[in-house]
Number of protein chains: 2
Amino acid sequence: MAAANQVFIAVIGAGGVGKCFLSQLQALATRRPSPKLTLCYISTSKKALFHDDYAEISIDTALDSLAASSKTPPELSQIIEYLAAAPAKTVLVDNTSSQDVAGKYPLALSRGVSIVTPNKKAFSGSYQLWKDIAIAATASGAKVYHESSVGAGLPVISTLKDLVDTGDKVTKIEGVFSGTMSFLFNSFAPTEGQGGKWSDEVKKAKALGYTEPDPRDDLNGLDVARKLTILARLAGLPVESPSAFPVQSLIPAELESCASGDEFLDKLPQFDSRMEETKAAAEKAGKVVRFVGSIDVAANAVKVGLQEFDRSHPIAALKGSDNIISFYTERYGSNPLIVQGAGAGGDVTAMGVTADLIKVVSQFS
Amino acid sequence: MAAANQVFIAVIGAGGVGKCFLSQLQALATRRPSPKLTLCYISTSKKALFHDDYAEISIDTALDSLAASSKTPPELSQIIEYLAAAPAKTVLVDNTSSQDVAGKYPLALSRGVSIVTPNKKAFSGSYQLWKDIAIAATASGAKVYHESSVGAGLPVISTLKDLVDTGDKVTKIEGVFSGTMSFLFNSFAPTEGQGGKWSDEVKKAKALGYTEPDPRDDLNGLDVARKLTILARLAGLPVESPSAFPVQSLIPAELESCASGDEFLDKLPQFDSRMEETKAAAEKAGKVVRFVGSIDVAANAVKVGLQEFDRSHPIAALKGSDNIISFYTERYGSNPLIVQGAGAGGDVTAMGVTADLIKVVSQFS
C-alpha cells in the first residue's frame with residue numbers, strides 16, 4: 001500500500017505525447033525519489049492496465065505491459081472513483097485530445113483528483129465546462145494545469161497566469177499559434193525569396209508530418225481558435241466557444257465536402273490562385289502574409305485569420321514551425337513580452353506536461 | 001494571533017522595487033483573501049516596523065508607518081529568529097541588492113523561513129553560498145525563488161528550471177541581459193540609421209534613468225556577469241564566481257580611477273573613437289555590435305562582452321531597453337526557445353517577486 005510520501009499517477013493516452021511523457025516521467029522518478037511517483041493506471045482507447053490494490057506499474061515496461069493486458073478501459077467515472085479512493089494524492093495525466101475525457105474533469109477535480117494535460121478540449125469547449133472546472137478545483141483544492149494546451153512546452157499559460165495573478169492588465173495577445181501554419185507561411189511567403197505554390201507547401205508539410213492526417217483539420221483554423229479561446233478566458237474574457245468569434249478557414253468552400261484528405265489535396269492546386277493573390281497583395285504593400293490569432297482584451301475582440309506584416313516584424317521573421325506569442329500589458333508598455341520557439345512535437349509537448357506535474361506535486365503536503 | 005490559514009510576510013527594502021511590490025501585495029491580498037497574507041515586518045537600512053506579537057501591519061499605510069517608526073532594524077539573525085518563531089509559515093521578501101542580507105539566506109532557510117527575492121547577490125556570489133542555500137532549503141523544505149534576479153519579471157529562471165527539471169539538456173544560453181546595455185547599443189549601433197556618439201548615448205541613458213547612478217556600474221559588465229553566473233549554475237555548471245570567466249568591461253582603463261561618475265562622464269568623450277572603431281568594424285562586415293552574454297554548457301564556457309550580429313538576428317533587432325534570452329536545448333533543436341521583453345523597471349521586477357510569492361504560498365499546506 002501507499003508510503004507516506006507518495007503520489008499516484010494515472011495516464012490516459014499513450015500516443016506520441018503519451019510515450020514521450022512516460023519517458024520523461026521515468027527519468028523524473030529516478031532523479032527525484034521523493035515524493036515517490038507511482039504509476040497506478042495507464043490506458044489507451046482499447047486497453048487498460050491497473051491493479052485493485054494500486055500496486056505500482058513499472059514505468060519503463062508500462063507500454064509493453066499495457067500491450068499485453070487483457071483489460072479494456074473502464075468507464076471514465078469508474079477510473080475517477082478508483083483514483084479518488086487511492087491511499088494518497090493522485091494526478092490524472094490526460095494525454096489524449098478527447099472531449100469525453102475533458103468532460104469528466106469537473107468530476108475528477110471534485111473528487112480531489114488533480115489534472116495535468118495538453119488536451120485543449122476542456123478549456124476551449126463550452127464556457128460552462130470552463131466554469132465547472134474552476135468551481136470544482138476551488139471547492140476541492142485539487143489542481144488543474146494545462147501549459148501544453150497552447151504552444152506546447154513554451155511558457156505561455158504560466159506567463160499569462162503570472163501577469164494576471166500579479167495584477168497586470170493584459171491589453172492584447174497576438175501571435176502565431178500553430179506550428180503547421182507557421183511552417184506553411186514561412187515557406188509560402190518567406191521574408192526573402194519567392195516561396196512555393198500553396199498546394200505544394202501543404203503537401204510538403206503533410207509529408208514532413210507537420211499536419212494532421214487530414215490537413216483540413218489544420219487549415220480550418222479551429223486549432224488556433226481553440227488556443228485563442230483558452231488565452232482569452234485566462235485574460236478574463238468570457239468567450240462562449242471557439243466558434244463565438246471570426247475564424248478564417250483556409251479551406252476553399254468548394255473543397256469542404258471532399259470525402260477524404262487525399263481528395264482535398266488532389267483538388268487543392270485548382271485554388272492556388274486565391275492564395276497567390278493574397279500573397280501578391282501583401283507583397284505590393286512591402287509586406288508578407290501570416291496566419292495569426294489576436295485577442296484585444298479591451299475591445300473584447302478575438303479573431304483568427306490572415307494578416308499582413310512588415311518583413312521586419314517578429315511575426316514575419318519566424319523560422320521553421322516556431323510559434324510566437326506577444327503579450328501586450330500595461331506594465332510592459334509598448335514593447336510586448338514575447339515567447340517564441342517550437343510549439344508542437346511530442347517531446348516539447350510532454351515537457352510542458354511533466355513540468356506541470358512537478359508543480360502540482362510540489363503543492364501536495 | 002495567527003489564523004489557521006495565514007502566511008506571514010516580512011519585507012526588507014522599500015526602494016523602487018520594494019514600493020512596487022507593496023502595491024502588488026496589497027492588491028493580491030485584497031483579491032485573494034485566503035491564505036491571509038499578513039505583513040508582520042518591514043524595514044529599510046535605517047528604519048524597521050514590527051510588533052513582538054506579530055500584529056498585522058496594514059499594507060496600504062506601511063510606508064508611512066515605517067517612516068514614522070522609531071525602531072532601527074535589528075540584526076539580520078534576530079529578524080530571522082523573529083520570523084522563525086512566528087505562529088504560521090513565513091516568507092522573507094528581500095527587495096534589496098545587499099550582499100549582507102543574501103549571506104543570511106542559508107540561516108533563514110534552515111530555520112524554515114522561505115525566501116523570495118530579485119537580489120542577485122546570493123545566487124551569483126561564492127559557489128559555497130549557492131551550495132549552502134540549496135542544502136538549507138532541501139533540509140528544511142523552505143522555498144527560495146528568485147525569478148527577478150535575471151530579466152526581471154520575464155519567465156527566465158522558471159523556464160530554465162522547467163527545462164532542466166523535465167530532463168532536457170540545455171546546450172547554450174545566449175542573450176542581452178541588461179536593459180542598460182540593450183538601450184545603449186540599440187541607440188549607438190541601430191540596425192537602420194547612424195546612431196549617436198557613444199558618450200552621448202551613455203549620458204542620454206543616464207538622464208533617462210536607465211543606468212545606475214554611476215554608469216560605470218553598468219559598463220563594467222558585472223551585472224551581466226552575475227546574471228550569467230546564476231543561469232550557468234542552474235544549467236549545471238559549477239561557476240565559482242562572476243569573476244571566474246571573461247567579462248569585457250566598457251570602461252576605458254584610463255577612467256577606472258575617476259573619483260566620481262560625473263568625472264567619468266566628463267572624460268568619456270575622449271575615448272569615443274575606440275567604440276567608434278568597434279562599430280565601424282562590425283558595419284564593414286554588414287553587422288552590428290551588441291553586448292551579450294553566453295553560456296556554452298558542453299564546453300563549460302561562460303563569457304560576457306561585445307559581439308557582432310547580422311542585422312536580421314533577433315539580438316540585433318531588439319528594441320528600446322528590452323532583454324532577449326535564447327535557450328538552445330536538445331529538445332528544441334536548432335531553433336531556440338526565446339523569451340524577450342523589458343528586463344528592468346520597478347513594476348516588472350516586482351511582478352516576478354509577487355509571482356514567486358504566489359508560487360511559494362501555494363506550496364504551503
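The values are calculated or read from the model by the stated rules, or taken from the named source; none is laboratory data. What you see is a predicted model, and the numbers here were worked out from it, not measured in a lab. Positions of Cβ are backbone-derived with ideal geometry, glycine not excepted, and every protein chain shown enters the neighbour counts.
A few points about this structure:
- Qualifying residue in the stretch B:298-320 (condition: β-branched (Val, Ile, Thr), in contact (Cβ under 8 Å) with a residue 12 or more places away in the chain and more than 14 Å from every other protein chain (Cβ to nearest Cβ)): yes
- Selected residue (criterion: surrounded by the fewest Cβ atoms within 10 Å (Cβ to Cβ)) from residues of the stretch B:80-95 that are out of contact with any helix residue (DSSP H, G or I) (no Cβ under 8 Å at 6 or more places or on another chain) and assigned to a loop (DSSP other than H, G, I, E, B): B:85
- Of the strands (runs of 3 or more DSSP E) lying entirely inside the stretch B:230-348, those containing at least 2 residues that are of a type in the set (Gly, Ala, Ser) are B:287-296, B:301-310, B:337-342.
- Which numbered condition residue B:300 misses (of (1) closer than 22 Å to residue B:222 by Cβ; (2) touching a strand residue (DSSP E or B) at 6+ places or on another chain (Cβ under 8 Å)): (2)
- Tally, over the stretch A:23-59, of residues that are in a helix (DSSP H, G or I), more than 19 Å from residue A:359 (Cβ to Cβ) and touching a strand residue (DSSP E or B) at 6+ places or on another chain (Cβ under 7 Å): 1
- Pair list, Cβ under 7 Å, 6 or more apart: the stretch A:155-169 residue more than 9 Å from every other protein chain (Cβ to nearest Cβ) and under 14 Å from residue A:328 (Cα atoms), other residue part of a loop (DSSP other than H, G, I, E, B) and modelled with pLDDT of 95 or more: A:156/A:150; A:160/A:235; A:164/A:235; A:169/A:330
- Counting the residues of the stretch B:328-341 that are in contact with a strand residue (DSSP E or B) (Cβ under 6 Å, 6 or more places away or on another chain) and within 8 Å of another protein chain (Cβ to nearest Cβ) gives 8.
To keep it simple, each residue is scored yes or no on (1) within 28 Å of residue B:132 (Cα to Cα); (2) of a type in the set (A, V, I, L, M).
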position: B:13; (1), (2): yes, no
position: B:29; (1), (2): no, yes
position: B:39; (1), (2): yes, yes
position: B:45; (1), (2): yes, no
position: B:51; (1), (2): no, no
position: B:58; (1), (2): no, no
position: B:73; (1), (2): yes, no
position: B:80; (1), (2): yes, yes
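- Tally, over the stretch A:213-229, of residues that are outside any helix (DSSP H, G or I) and either without any contact (Cβ under 8 Å) to a residue 12 or more places away in the chain or on the phi > 0 side of the Ramachandran plot (or both): 1
- Residue match in the stretch A:47-66 (condition: under 30 Å from residue A:212 (Cα atoms), of a type in the set (Lys, Arg), out of contact with any helix residue (DSSP H, G or I) (no Cβ under 7 Å at 6 or more places or on another chain) and more than 14 Å from chain B (Cβ to nearest Cβ)): no
- Exclusive hit being surrounded by fewer than 10 Cβ atoms within 10 Å (Cβ to Cβ) and of a type outside the set (S, T, N, Q), set B:64, B:60, B:53: B:53
- Filter pass, residue B:318 being touching a strand residue (DSSP E or B) at 6+ places or on another chain (Cβ under 9 Å), surrounded by 20 or more Cβ atoms within 10 Å (Cβ to Cβ) and modelled with pLDDT under 95: yes
- Some residue of the stretch A:141-154 being assigned to a strand (DSSP E or B) and not assigned by the TED database to the domain that holds residue A:44: no
- Flag if residue B:291 is away from every other protein chain (no Cβ under 14 Å), of a type in the set (Phe, Trp, Tyr) and surrounded by fewer than 21 Cβ atoms within 10 Å (Cβ to Cβ): no
- Extreme residue, farthest from residue A:244 (Cα to Cα), among residues of the stretch A:105-129 that are surrounded by fewer than 20 Cβ atoms within 10 Å (Cβ to Cβ) and of a type in the set (A, V, I, L, M, F, W, C): A:107
- Candidate set from the stretch B:155-192 (those that are of a type in the set (D, E, K, R) and in a loop (DSSP other than H, G, I, E, B)); member that is surrounded by the most Cβ atoms within 10 Å (Cβ to Cβ): B:168
- Each residue in the stretch A:329-356 was checked for being closer than 30 Å to residue A:25 by Cβ and either crowded, with 24+ Cβ neighbours inside 10 Å or not hydrophobic (A, V, I, L, M, F, W, C) (or both), and 17 of them qualify.
- Scan of the stretch A:286-314 for residues that are out of contact with any helix residue (DSSP H, G or I) (no Cβ under 7 Å at 6 or more places or on another chain) and small (Gly, Ala, Ser), ordered by number: A:286, A:294, A:298, A:299, A:301, A:305, A:312
- Among the candidates B:359, B:279, residue that is more than 22 Å from the chain's Cα centre (by Cα) and crowded, with 16+ Cβ neighbours inside 10 Å: B:279
- Of all residues in the stretch B:117-134, at least one satisfies being more than 14 Å from every other protein chain (Cβ to nearest Cβ), without any contact (Cβ under 8 Å) to a residue 24 or more places away in the chain and of a type in the set (Lys, Arg).
- Number of positions in the stretch B:12-36 that are in contact (Cβ under 8 Å) with a residue 60 or more places away in the chain and of a type in the set (Lys, Arg): 1
- One residue from B:354, B:349 being under 17 Å from the mean Cα position of the chain (by Cα) and facing chain A (nearest Cβ under 7 Å): B:354
- Subset of the stretch A:170-195 (residues that are more than 12 Å from chain B (Cβ to nearest Cβ), aromatic (Phe, Trp, Tyr) and within 22 Å of the chain's Cα centre (by Cα)): A:177, A:185
- Answer residue from the stretch B:130-154, given it is crowded, with 22+ Cβ neighbours inside 10 Å and among the hydroxyl-bearing types (Ser, Thr, Tyr) and is farthest from the chain's Cα centre (by Cα) among those: B:145
- Candidate set: the stretch B:1-21, residues that are surrounded by fewer than 23 Cβ atoms within 10 Å (Cβ to Cβ) and within 12 Å of chain A (Cβ to nearest Cβ); chosen: the one modelled with the highest pLDDT: B:20
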